1. Out of Ile365, Ile419, which single residue is more than 26 Å from the chain's Cα centre (by Cα), surrounded by 22 or more Cβ atoms within 10 Å (Cβ to Cβ) and β-branched (Val, Ile, Thr)?
2. Look at Val444 and say whether it is within 22 Å of Thr245 (Cα to Cα), open to solvent by less than 20 Å² (accessible area, probe 1.4 Å) and in a helix (DSSP H, G or I).
3. Yes or no: region 256-278 includes at least one residue that is free of Cβ contacts under 8 Å to residues at least 60 places away in the same chain and more than 30 Å from Gly184 (Cβ to Cβ).
4. Only one of these is among the charged types (D, E, K, R), more than 20 Å from the chain's Cα centre (by Cα) and either under 30 Å from Val188 (Cβ atoms) or at pLDDT 95 or above (or both): Asp437, Asp462. Name it.
5. Name the residues in region 400-416 that are in contact with a strand residue (DSSP E or B) (Cβ under 9 Å, 6 or more places away or on another chain) and assigned to a helix (DSSP H, G or I), would you?
6. Could you identify the single residue in Glu27, Glu46 that is within 19 Å of Pro213 (Cβ to Cβ), modelled with pLDDT of 95 or more and away from ligand 1 (no atom under 16 Å from the Cβ)?
7. Counting only residues that are closer than 18 Å to Ala102 by Cβ and part of a helix (DSSP H, G or I), which one in region 178-219 is nearest to ligand 1 (Cβ to nearest atom)?
8. Within region 287-307, can one find any residue that is open to solvent by 10 Å² or more (accessible area, probe 1.4 Å), more than 16 Å from ligand 1 (Cβ to nearest atom), touching a strand residue (DSSP E or B) at 6+ places or on another chain (Cβ under 7 Å) and more than 22 Å from Pro246 (Cα to Cα)?
Amino acid sequence: MSSLTQTINAPNGVSYQQPTGLFINNEWVPSSTGQKLPSINPATEEEITSVHAATAQDVDKAVRAARAAFEGDEWQSVVGTARGKLMLKVADLVESQQHVLATIEALDNGKPYSQALGDIEEVFSVFRYYGGWADKTYGQTIETGRHKFTYTVREPIGVCGQIIPWNYPLGMAAWKLGPALACGNTVVIKAAEQTPLSILYFANILVEAGFPPGVVNIINGYGSEAGSALVQHPEVDKVAFTGSTPTGKQIMRLASDTMKNITLETGGKSPLVIFDDAQIPNAVKWAHYGVMGNMGQICTATSRIFVHEKIFDAFARAFKQYVAKTQVIGCPFDEKTYQGPQVSKAQFEKILEYGRIAEQEGATILAGGKIAESRPNDKGFFVEPTIISDAQPHMRVYKEEIFGPFAVLVKFSTETEAIRLANGTEYGLAAAVCTSDITRAHRVANKLKAGMVWINSSNNSDFRVPFGGVKQSGIGRELGQAGLEAYSQLKSVHLNLQLTEQI
Ligand code: NAI
Ligand code: MG
């Protein structure tokens, strides 16, 4: 047991006990082969610790635990109101331990501590929100004539396999655990290789709140090994995934053999359309937030910014200045820092590669494209915020998801052209429009092919509002009431009231 915990001392003075095992049936266990994966601090490139990485055999063990819990009397007897109470307890515990949790996120993911605190607020808010829903998901009675009584019941789906990414590690866990638990499912959740730590600390909170063994099982492991074993396991009824579009497609293929219920939230190259009647300071502020926040590691990043030709130069100048002023690069624990390192060496190199591609494609690089010279101690995965001016639709930097602080500015002259360009992508996660004309705002929102549209802002999502994409950005919705539909299914019951007495 003691070998499955390690004391971590963070640079901000926080010292805590980090679990390093697999969390199965409310117990900490090592992986079957003892294999581990390292957790790297992206600001220093040093290893923080290593955690056990599940094999297919471990995944099987976790799924069996979730299955037994789902079928067992203990969890079945926890009715909606009681599930809600457990979830509210989790919310309170997360809130009271937010400083430790935010410290872990900052250490393992590299996001500034102040932004990590915002992530943790999202976690306890989502648990409270879905805790409130737990006793409010029910069916209907449906009139079908005098001789029948017909109703629907909303049932949990069963064992849910959840696979989450590294950009908002605990936030993404909450988005998936909240509705799954509110509806009475049981779960095996796998964290991303790059950010294995916070969810293990969170596991102890679930036990403290009183969740029965097997209801939530938490594993780390490699996508190709543990992730794919989870997706293919015949005892898993549903798979929920957030991550890249290619991995999402792979998951669909793997899940098809057992015809699992799936929800996918994948990539994007979302547009922000700024008309010439927009308030430029407001457009600049949201254009910046929409692609430069969280080191640009946002699935809904509005990374293609279409600007009307009349205001293009003025906008580009103001945007560049605002980015230079706001995007303070530094250690995640330094209060002044707005931009920490990218999450991993792979992501860091991917972004630098796009800087080189932009150059080769002959794009005008207004700012950035290189390693950040101001990075502390000449170490860590820090890049310069990058702005490409006048990008052309054939360019790779225009088409492909970069997932970094990397914006492309594009000129347009008419509303029709702007809509055509904005929709000219295989993705359809989000879109945004800035204009002072309310009629145009709604007209354009209506025509944008995206799961979400922001008007006069970007990326100010809210856990009470459905979130998800169209086209190759995903299937299904998370958050809001719609999030419950992804974790419950309807059963229809037909009661015949006219019994035949003779045959
Ligand atoms: P990824 O999509 O491969 O990884 C996300 C999760 O899927 C991780 O937990 C991983 O272990 C798991 N996974 C990987 N392969 C799997 C498989 N065959 N079966 C089951 N699970 C599997 O993303 P990665 O490699 O970390 O990042 C690559 C790119 O993906 C990024 O540059 C970005 O463009 C995009 N991305 C998008 C995210 C979003 O929020 N939509 C989040 C993370 C990455
Ligand atoms: Mg890490």
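The values are calculated or read from the model by the stated rules, or taken from the named source; none is laboratory data. The structure displayed is predicted, hence computed values, not measured ones. All Cβ positions, even for glycine, are placed from backbone atoms using ideal geometry, and neighbour counts span all protein chains on display. Quick note on the areas: whole protein, heavy atoms, side chains included, nothing else; ligands and nucleic acids left out. Shrake-Rupley method; radii C 1.70, N 1.55, O 1.52, S 1.80 Å.
1. The match here is Ile419.
2. no
3. Yes, that holds for at least one residue.
4. Asp437
5. Answer for region 400-416, where residues must be in contact with a strand residue (DSSP E or B) (Cβ under 9 Å, 6 or more places away or on another chain) and assigned to a helix (DSSP H, G or I): just Glu415.
6. Testing whether each residue is within 19 Å of Pro213 (Cβ to Cβ), modelled with pLDDT of 95 or more and away from ligand 1 (no atom under 16 Å from the Cβ) leaves just Glu27.
7. Ile199
8. No, there is no match, as no residue in region 287-307 is open to solvent by 10 Å² or more (accessible area, probe 1.4 Å), more than 16 Å from ligand 1 (Cβ to nearest atom), touching a strand residue (DSSP E or B) at 6+ places or on another chain (Cβ under 7 Å) and more than 22 Å from Pro246 (Cα to Cα).
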